[in-house]
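Working notes, structure below.
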Amino acid sequence: MRRMFGFLIGVLVGALVGSTVALLMAPESGENLRGQLRERGQVLMNDVRHAADSRRIELRGRLETLRAPREVNL
């Protein structure tokens, strides 16, 4: 759990740093750049949500497997 939390913080910090550098170095107008950043941010958030949903499904399956009664061989 701690590793996942650290990873998500790293993603957020990286996105903020990348956005700041892009704003400072951008040759395009502010309006176009903001639109592109907004679009990229939405794509990133969709990717994060998809990854989280996939992981949640996987972990629920593993939890159900662990909760299932086991056969005892005597």
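Please treat every number below as a calculation from the coordinates, not as lab data. What you are looking at is a predicted structure, and each value in this text was computed from that prediction instead of being measured. Note that we place each Cβ from the backbone using ideal geometry, even for glycine, and neighbour counts take in every protein chain shown.
Computed quantities for the displayed model
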quantity	calculated
Near pairs, Cβ below 9 angstrom, 6+ apart or cross-chain, from the stretch 22-50 (touching a residue at least 12 places away in the same chain (Cβ under 8 Å) and closer than 27 Å to Met4 by Cβ) to any residue that is of a type in the set (S, T, N, Q) and part of a helix (DSSP H, G or I)	Ala22/Gln36; Leu37/Ser19; Gly41/Ser19
Selected residue (criterion: nearest to the chain's Cα centre (by Cα)) from residues of the stretch 23-74 that are closer than 16 Å to Val11 by Cβ and of a type in the set (A, V, I, L, M, F, W, C)	Val48
Residue that is assigned to a helix (DSSP H, G or I) and surrounded by 10 or more Cβ atoms within 10 Å (Cβ to Cβ), where the choices are Leu12, Leu66	Leu12
